[in-house]
1. Please give me the summed charge of the neighbours of Phe115: other residues whose Cβ is under 14 Å from its Cβ, Lys and Arg +1, Asp and Glu -1.
2. Are there any GluC sites (Glu not before Pro) in region 27-72 that are in a DSSP loop and have at most 10 other Cβ atoms within 10 Å? List them by number.
3. Based on the Kirkwood radius over alpha-carbon pairs, what value in µm²/s does the Stokes-Einstein equation return for the translational diffusion coefficient of region 24-63 at 20 °C and 1.002 mPa s?
4. Using a 1.4 Å probe and counting only protein heavy atoms, arrange Ser123, Ser28 so the residue with the most accessible area comes first.
Amino acid sequence: MNLTNIWQNSQEEIKEKVGSTSYDTWFSTIHVKEKNENTLLIEAPDDFFKNWIIEHYKKFIYEIVNKDANRVIELEFSVNSHILKEGTQNRLISLEQKFANNNESQSNINPRFTFDNFVIGPSNRFAAAAGLAVAESPGLPTAGTPRRYPFPATANGP
């Protein structure tokens, strides 16, 4: 049995050991190649991924792969930046398709709730001005935006 098949057979046990969320985060983007008959080359998309996998998962990957292979398999780690480019491109295509299918007629926004229909009175004048300012320039700080502090300000200090 070649090393890539041994790696594939080990995936369920690795996923069980690390959990599905960690598996999806760290193992879904790596590629594995057989360098020679006793060395498995694990390629990560960047140095951060490579170092994280080495620091946190190398020991039990080594144990699981060697147990499944019934022999000593060496692990080598490298960076393959093309992995990230392929994955990013696939995600972008997926997102573009989702947004292309989502037009205004499918929006969940009620057309009756617009600023033209909003009744402004003495009790909500500030709220109306703040809402309009945010709607006209989303993502930008406005003069009326309240500041958030990690603790309440008091006369005696924090």
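1. It works out to a net charge of 0.
2. Loop-located and lightly packed - Glu37.
3. Answer, rounded: 200 µm²/s.
4. Ser123, Ser28
The values are calculated or read from the model by the stated rules, or taken from the named source; none is laboratory data. On a predicted model such as this, the values are computed, not experimentally measured, just so you know. Don't worry about glycine lacking a Cβ; one is built from the backbone with ideal geometry, like all the others, and counts go over all protein chains shown. Just so you know, the surface numbers come from the protein's heavy atoms only, side chains and all, with ligands and any DNA or RNA stripped out. Shrake-Rupley method; radii C 1.70, N 1.55, O 1.52, S 1.80 Å.
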